[in-house]
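The values are calculated or read from the model by the stated rules, or taken from the named source; none is laboratory data. As the structure is a prediction and not an experimental result, all values here were calculated from the model. Cβ sites come from the backbone with ideal geometry, for glycine too, and all protein chains shown count toward neighbours. Just the protein is used for accessible areas: all its heavy atoms, side chains included, with ligands, DNA and RNA removed. Shrake-Rupley method; radii C 1.70, N 1.55, O 1.52, S 1.80 Å.
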Amino acid sequence: NNTNLSDDRFKSLMTLPFISGIVFALHPIHTESVAWISGRTDMLSTFFFLLAFISYILYVKEGTKASLFLTCVFFLFSLFSKENGIAFIIIALAYGIITKLQRRKITISLVCLTAVLFIYILFRQSGAIKMLLADPGSKGAFFSSGVSSENFLALLSGASGYYFEKLLLPFNLNLLPDMPDAIIYYFISSLPLVIGAFLYFRGRKLEAFFTFWIIITLLPSLVILFSQVSNIIGERYLYLPSVGFSILVGLVMSNITSRKLLLACILSISTVSVVVTYDRLKAWETDLALWEDTVQKSPLSVNAHIN
């Protein structure tokens, strides 16, 4: 029922899902997750993550037990697909605050989601917990002993800056990207937080929420920075955060009043995305093509040369 909506507002609402869907479907950053079979975990986790979020929206609007139950089920499936799904707890809290959900409902939902998290840990037989609690740098430990207070901020700003840059400018994609160390990445890494806070206090809470979505869903991947894993940053970690980015782009572009300008923007973004994605897929056609591309872009990578 759109009787209370102006024509422009109604068109804006109808345009938002189309633009967001186009941006997400064609974003070149997804190439690694889609072309690489191991990337299926990101797609599965995101799929159930979004189903959990849709169910949670229904819970916020209607407050039914069925919608909360579905939220918990899909959250569990997202966790089983990949640990990055743990970010949903913070997403649910942020959405509840922004939509001014009753504290009682927020508390109930958080208790239920936390219970689901404990179920997940139980099924994992505490293996992940032992890795997290083990002495950093020891055999079987998750955390590396090489992390210090001096390089903590450098790692965090370099990785988050790299991720935010690739969401906006998905060019020169690489399977084993080098950790950025330029000073400008300190600035880039803080931009989403500053923009999100600005939008929130300006009353643009929906835009602020999806800006924070990018940050929140990246947090589990940023923890890997301090682990013993050799490849600590990767394009696949942006699959879930790109959902927030795509919706944010849709929110911004749906406010364009000129149909010609809006169409031109959609066509431009689509064309560039298709060309870049098609070009990047060439590197994934064979193992040799992939590692040749990786060696060219990361000549100091031992793993790239070995492969």
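The table below gives the values:
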{"read-out": "Per residue solvent-accessible surface (Å²) - the range 205-266, probe of 1.4 Å", "value": "37 Å²"}
{"read-out": "Distant-in-sequence amide H partners of residue 227 (H built 1.01 Å from N, under 5 Å)", "value": "144"}
{"read-out": "Difference of contour (0.36 nm per residue) and Cα-Cα distance, residue 202 to residue 138", "value": "18.2 nm"}
{"read-out": "Rounded accessible area of residue 261 (nearest 10 Å², 1.4 Å probe)", "value": "90 Å²"}
{"read-out": "Whole-percent carbon and sulfur share, accessible surface of the chain, 1.4 Å", "value": "67 percent"}
{"read-out": "Computed over the range 162-302, the ratio Rg/Rh where both radii use C-alpha atoms and Rh is Kirkwood", "value": "1.01"}
{"read-out": "In Hz, Karplus ³J(HN,Hα) per residue of the range 196-201 (6.51, -1.76, 1.60; θ = phi - 60°; x = Gly, Pro)", "value": "x, 5, 4, 5, 5, 6"}
{"read-out": "Computed [θ] at 222 nm, helices only, for the chain once each DSSP H run of length n ≥ 4 contributes -39500 (n - 2.57)", "value": "-23000 deg cm²/dmol"}
{"read-out": "Charge dipole (the chain, unit charges on Cβ, about Cα centre) - positive-most of 301, 57, 23", "value": "57"}
{"read-out": "Label point distance in nm, residue 44-residue 18, each placed 7 Å from Cα along Cα→Cβ", "value": "3.5 nm"}
{"read-out": "Rough spin-label spacing in nm, given labels placed 7 Å along Cα→Cβ, for residue 181 and residue 275", "value": "3.4 nm"}
{"read-out": "Residue-span extension gain [residue 292 to residue 37] - 0.36 nm each, minus C-alpha spacing", "value": "89.9 nm"}
{"read-out": "Stretchable slack from residue 25 to residue 191, in nm (0.36 nm times residue separation minus alpha-carbon distance)", "value": "57.3 nm"}
{"read-out": "Sequence-distant residues sharing a close amide H with residue 124 (under 5 Å, placed H)", "value": "none"}
{"read-out": "Solvent-accessible area per residue for the range 15-97 (1.4 angstrom probe, square angstrom)", "value": "43 Å²"}
{"read-out": "Residue of 48, 201, 152 that the Gaussian network model of the chain assigns the largest fluctuation, springs spanning Cα pairs under 10 Å", "value": "201"}
{"read-out": "Separation between Cα centres of the range 266-298 and the range 190-205, rounded to whole Å", "value": "33 Å"}
{"read-out": "Karplus-derived HN-Hα couplings along the range 73-87 (A = 6.51, B = -1.76, C = 1.60, θ = phi - 60°), whole Hz, x at Gly and Pro", "value": "5, 5, 4, 5, 5, 5, 5, 5, 6, 6, 4, 4, x, 4, 5"}
{"read-out": "Residue 261 versus residue 94: modelled label distance in nm, points set 7 Å from Cα along the beta carbon direction", "value": "2.9 nm"}
{"read-out": "Debye log10 I(q)/I(0) for the chain, one point scatterer per Cα, at q = 0.07 Å⁻¹", "value": "-0.30"}
